[in-house]
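The values are calculated or read from the model by the stated rules, or taken from the named source; none is laboratory data. Fair warning: this is a prediction, and the values are worked out from it, not measured in the lab. In this analysis, Cβ positions are derived from the backbone assuming ideal geometry, glycine residues included, and neighbour counts consider all displayed protein chains.
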Amino acid sequence: MSPPSHSGPDGCPGMLRIHAAADGGLARVRLPGGLLRAPQFAALADAAADLGDGHLELTSRGNIQVRGLMDGAEAELGTRLRDVGLLPSATHERVRNIAASALTGRDHEGLLDVRPLVAELDAGLCADPALAGLPGRFLFTLDDGRGDVIALRGDVGLYPAGDGGLALVLGGADSGLRADPRDAVALALDAARAFLRVRTTEWRLTEWPDAADRLAPLLGGHREPPLEIPATPRRTPLGRLPQRDGRVAVSGLVPLGRLEPAQLTALRAAGEIIVTPWRTAVIPDLTDVSDSLLDRWGLVTAPASAWEGLTSCAGRPGCARSRTDVRADAARARAPGGGPPVHWSGCERRCGHPADRHVGVVATPQGYEVRLGDEVRARSHDLTATAAAVATTRRSM
């Protein structure tokens, strides 16, 4: 199968390149490793209130979006975020797509702490002028061995190989190349440079079905037998999570990935926040977590919540392409008990859909289609019937 051809330029938004949406400008702020320190979160919340619609959106790559921006707001937004360290490079701001294991170095699960690798990779990206040419969709994944972000099928990933080294994962498959942790980031950056040398119209390495075999020979070195890379992400669990230092992290779902103004006010006092690709927020290093505090934050921490696994695109009125207000429909149709992921889309573009297997609910001129992969399981004009079809499809997975 030949890779898709992209006829137009890469229009992926950033904080300086604003996307003109139906509800105003949309800025996407990259958060390497999902990390937001308290002053950075406060700056984003203030920017959303002063320049945008007052909300912050969590994306499927662990980044943040500000919507409803006024014309020309990108200059003011850039200044505010540069002052708190969220814009280290104006030329590279759209390519700082780095997903990392959210609880790495804090709990007992991972095989190594990848936080230093996140910082090293981010600095290496910004230091190389050529890497500013990476498409805005190109994704790096740094997994500490728990099998969460490596299953997102990023373009270039690092994953523990079991011998103290790290495997270079290309397009979701093990390349067979190995590196010591001290040299692993350099290898990942070399892989990104190799992609730039050989790409034509591709935006992502994952567009090549044979990405690992195609790119690994360009990097040199001995190739080990490939590891089996997890295909389904091991998502960060919800609730109070013990840390190895005796403190606690709270992992909470943000319903449909949208933080409301009251939540932004309450979360200012939370300290560090880690945004995950599953639209959850992890608040680490806590000594006291009361129920009243969780209520103020407005995060969903019950594992069987009806919000678990439920995502949607922006829908109407935010997106002119959308056929309907899918956020409102998804909220009305949600069912208790959680289950496999469900993503509601206002059009065939299916923006923000999960990387792993999920139930898709897609708006069409005739109503909603409920899909599992490429198979259409049901079609209906009626929201109640659509919700029933979603529940049936979830149970079949």
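Figures for the structure shown
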read-out: Single unsatisfied condition, Asp183 versus (1) assigned to a loop (DSSP other than H, G, I, E, B); (2) more than 29 Å from Leu293 (Cα to Cα); value: (1)
read-out: Failed item, numbered, when Arg106 is tested on (1) basic (Lys, Arg); (2) within 28 Å of Ser322 (Cβ to Cβ); (3) crowded, with 18+ Cβ neighbours inside 10 Å; value: (2)
read-out: Candidates Ala335, Ala331, Ala391, Ala363 - the one that is of a type outside the set (D, E, K, R) and within 16 Å of Gly257 (Cβ to Cβ); value: Ala331
read-out: All positions within the range 113-166 that are among the hydrophobic types (A, V, I, L, M, F, W, C), in a helix (DSSP H, G or I) and crowded, with 17+ Cβ neighbours inside 10 Å; value: Leu117, Val118, Leu121, Leu125, Cys126, Leu131, Val149, Ile150, Ala151, Leu152
read-out: Answer residue from the range 14-27, given it is of a type outside the set (Gly, Ala, Ser) and in contact with a helix residue (DSSP H, G or I) (Cβ under 8 Å, 6 or more places away or on another chain) and is surrounded by the most Cβ atoms within 10 Å (Cβ to Cβ) among those; value: Met15
read-out: Test: Thr276 is of a type in the set (S, T, N, Q), under 21 Å from Arg61 (Cα atoms) and surrounded by fewer than 21 Cβ atoms within 10 Å (Cβ to Cβ); value: no
read-out: Tally, over the range 311-330, of residues that are aliphatic (A, V, I, L, M) and either touching a helix residue (DSSP H, G or I) at 6+ places or on another chain (Cβ under 7 Å) or in a strand (DSSP E or B) (or both); value: 1
read-out: Count of the range 339-348 residues which are modelled with pLDDT of 90 or more and outside any strand (DSSP E or B); value: 4
read-out: Qualifying residues in the range 259-304 (those that are more than 21 Å from the chain's Cα centre (by Cα) and hydroxyl-bearing (Ser, Thr, Tyr)) - the one nearest to Ile64 (Cα to Cα); value: Thr265
read-out: Lone unmet requirement of (1) basic (Lys, Arg); (2) surrounded by 15 or more Cβ atoms within 10 Å (Cβ to Cβ); (3) over 30 Å from Leu51 (Cα atoms) for Arg296; value: (3)
read-out: Out of Arg37, Arg30, Arg67, sole residue that is surrounded by fewer than 21 Cβ atoms within 10 Å (Cβ to Cβ) and modelled with pLDDT of 95 or more; value: Arg37
read-out: Members of the range 329-376 that are within 23 Å of Cys319 (Cβ to Cβ) and aliphatic (A, V, I, L, M); value: Ala330, Ala331, Ala333, Val342, Ala355, Val359, Val361, Val362, Ala363, Val370, Val376
read-out: Unique match (being under 23 Å from Thr276 (Cβ atoms) and either among the basic types (Lys, Arg) or under 16 Å from the mean Cα position of the chain (by Cα) (or both)) among Gly145, Gly172; value: Gly172
read-out: Test: residue in the range 107-126 that is out of contact with any Asp or Glu (no Cβ under 8 Å at 6 or more places or on another chain) and on the phi > 0 side of the Ramachandran plot; value: no
read-out: Filter pass, Arg82 being at pLDDT 95 or above, out of contact with any helix residue (DSSP H, G or I) (no Cβ under 7 Å at 6 or more places or on another chain) and within 20 Å of Arg350 (Cα to Cα); value: no
